[in-house]
Amino acid sequence: MKALVVGGGIAGPAAALALAKAGIESEVLERRPVVDPGAGSWFTVAPNGLDALEAIDVLEAVRDEAVPSRANVMYGATGRRLGTVGLGRPLDNGLVALTMKRSWLAARLEREAERRGILVRRRAEVAEVTDAGDHVGATLTDGTVLSADLLIGADGVHSRVRQAIDAQAPAARYVGLTNFGGITRHTPIANDLESEAWHFIFGSRAFFGAHPTPAGDVVWFVNVPEPEITREQRHGTTEEEWARRLLSLVQGDAGPAAELISTGRLELAGDSTYDLGHVPTWFRGRMVIIGDAAHAPSPSSGQGASMALEDAVVLAQALRDHADLPAAFAAYEKARRERVEKIVAAGARSSSSKIPGPVGRRFQELMLRFAFRYMITDRSTAWINNHRIRWEDRTSRPELVDQ
Ligand SMILES: Cc1cc2nc3c(=O)[nH]c(=O)nc-3n(C[C@H](O)[C@H](O)[C@H](O)COP(=O)(O)OP(=O)(O)OC[C@H]3O[C@@H](n4cnc5c(N)ncnc54)[C@H](O)[C@@H]3O)c2cc1C
């Protein structure tokens, strides 16, 4: 059996690695010419995502430059501490959540896939996918036609494969926040911040996050509540203009945001953030979707990559356990749908808490203190971060419905 995997982000290479472990050949098709490990923003892979990496024996290959993260510490615009939420139970080897560059994880996964003999085609943009009944085909924009027994759409939140499976499939929803990310190198602020923690500030006009690194740097991001930024705006605004705007948004709020922005460098600017909740059809014939293509929690959930990694492992297990594709795809969906949709819903709530509401920030701070004491706690989030997958476990046989 051979699979074509569309997308060389997080889910794609992880799926190829998981398929290899299940004895299934695959090739990854990625439209970008190169995955630059230094590009873009930082993110955190929670223990459940690390566990998925461990299940396919790649954790060691991706962790060396990552920074440990134990908790999210929340503050209000006045500097008042609103609460602390842990990032889950460490793995059995003691490893806690890891913060790293998003593209760095993708680059490492691709490198590891290639090291294990998996073909990763770059500059391979899939223009069309077709299910011919006895095989599936992918046509690239340069005219190349590839075929295989199955096709996995790991092509992200604006997935083409999702649309090919179901022309009525929903599109991603803009969550009302644009994202900016940066780094401030060798700053004394790194020593003032609690180590191995994200510091989140519910500011009066924007949401700010900062994380110190052992090297004495601080990585940070700003979420700005505003209408979706257009491509023209993104390309027509200089880094200095963005930085000035961000500074004006955090001015007056307590905490290190203004100093970190004014002494740091932007690595990501004007990135619109999306989510994608209920996608009714995840598979049809020989095609299936995973990761953000099937369900994208907003970045505020801190779980998109971990969900993509869990999907990759469970899909490979299902293909290992079931002789026919419909049974395997249905087993994968059965194991995954409820969990990922609950996480998308939690991410949507988290995004909206970042947008100052009509009640005003002061009252909102009171509500947030209450929420972090009684509702959003280590205990209430354990089902998200402490989820574990054992590679040996068999996926159960689902009841099949006509697709
Ligand atoms: C700013 C930001 C912060 C985030 N923070 C976190 C966090 O802290 N923790 C967390 O777990 N998640 C976080 N996420 C979410 C996480 O990045 C995504 O959920 C994750 O990347 C999904 O992986 P994926 O492989 O499904 O999709 P992607 O990573 O989007 O990869 C899709 C790949 O498919 C390729 N592709 C698309 N179309 C085609 C085509 N037609 N042909 C060939 N290739 C194609 C793309 O080039 C891309 O490489 C964040 C997201 C953002 C935007």
- Query: Of Thr184, Thr263, Thr381, which has the most accessible area and how do the rest follow, probe 1.4 Å?
  - Reply: Thr263, Thr381, Thr184
- Note on the structure: Taking Lys and Arg as +1 and Asp and Glu as -1, residues besides Arg80 with C-beta under 15 Å from its C-beta add up to +3
- Counting only the heavy atoms of the protein chains, how much of Ile118 is accessible to a 1.4 Å probe, in Å² to the nearest 10? 20
- Query: Can you list, bin by bin at 10 Å, the percent of alpha carbon pairs in the stretch 45-99, starting at 0?
  - Reply: 23, 44, 20, 11, 1
- Item | Size of charge dipole - the stretch 38-99 - debye, nearest 20, with Cβ of Lys, Arg +1 and Asp, Glu -1, no other charges | 600
- Note on the structure: Of every hundred units of 1.4 Å-probe accessible area on the stretch 1-104, the number belonging to carbon and sulfur atoms, as a percent, is 48
- If you project the alpha carbons of the chain onto their three principal axes, what span does each projection cover, largest first, in Å? 63, 45, 40
- Message: If you count only protein heavy atoms and use a 1.4 Å probe, how large is the accessible surface of Asp192, to the nearest 10 Å²?
- Response: 120
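Specify whether the C-alpha gyration tensor of the stretch 13-65 places it in the rounded, prolate or oblate class, a ≥ b ≥ c being the square roots of the eigenvalues: rounded for a/c under 1.5, otherwise prolate if a/b is larger than b/c and oblate if not.
oblate
Note the count of lysine pairs whose C-alpha atoms are less than 25 angstrom apart in the chain, limited to pairs 8 or more residues apart or on different chains.
The result is 6.
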- Let me have the 222 nm mean residue ellipticity of the chain computed from DSSP H runs of 4+ only, each contributing -39500 (n - 2.57), with the sum over all residues rounded to the nearest 500. -10000 deg cm²/dmol
- Put +1 on the Cβ of each Lys and Arg and -1 on the Cβ of each Asp and Glu in the chain; which of Gly255, His322, Thr178 then has its Cα farthest toward the positive end of the dipole? Gly255
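Can you pull the semi-axes for the stretch 192-272, root of five times each eigenvalue of the Cα gyration tensor, sorted largest first, whole Å? It would help to have the intermediate numbers written out before the result.
Values: eigenvalues 103, 39, 26 Å².
Its equivalent ellipsoid spans semi-axes of 23, 14, 11 Å.
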- Message: Charges at C-beta only: +1 for Lys and Arg, -1 for Asp and Glu. How large is the resulting dipole of the chain about its Cα centre, in Debye rounded to 20?
- Response: 1000
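Would you rank Arg379, Arg122, Arg244 by solvent-accessible area, highest first, keeping every protein chain in place and using a 1.4 Å probe?
Output order, biggest surface exposure first: Arg379, Arg244, Arg122.
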- Query: With Cβ to Cβ distances under 14 Å as the rule, what net charge do the other residues near Gly156 carry (K, R +1; D, E -1)?
  - Reply: -2
- Item | Environment charge at Arg173 (Cβ cut-off 12 Å; Lys +1, Arg +1, Asp -1, Glu -1) | -2
- Item | For the stretch 15-44 and the stretch 73-92, distance of Cα centres in Å | 31
- Item | Antiparallel bridge percentage (DSSP; both residues within the chain; nearest 5) | 70
- Computed over the chain, protein heavy atoms only, probe 1.4 angstrom, the accessible area per residue in square angstrom equals 43
- In square angstrom, rounded to the nearest 10, how much accessible surface does Val222 have for a 1.4 Å probe? 0
- Let me know the volume per residue of the alpha-carbon convex hull for the stretch 1-125, in Å³. 120
- Considering only Ala71, Leu91, Gly117, whose Cα is most displaced toward the positive end of the charge dipole of the stretch 67-123, charges sitting on Cβ of Lys, Arg (+1) and Asp, Glu (-1)? Gly117
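The values are calculated or read from the model by the stated rules, or taken from the named source; none is laboratory data. This one's a predicted model, so the numbers in the text were calculated from it and none came from an experiment. When we count neighbours, we look across all protein chains shown, and the Cβ atoms used for this are built from the backbone with ideal geometry, even at glycine. Just the protein is used for accessible areas: all its heavy atoms, side chains included, with ligands, DNA and RNA removed. Shrake-Rupley method; radii C 1.70, N 1.55, O 1.52, S 1.80 Å.
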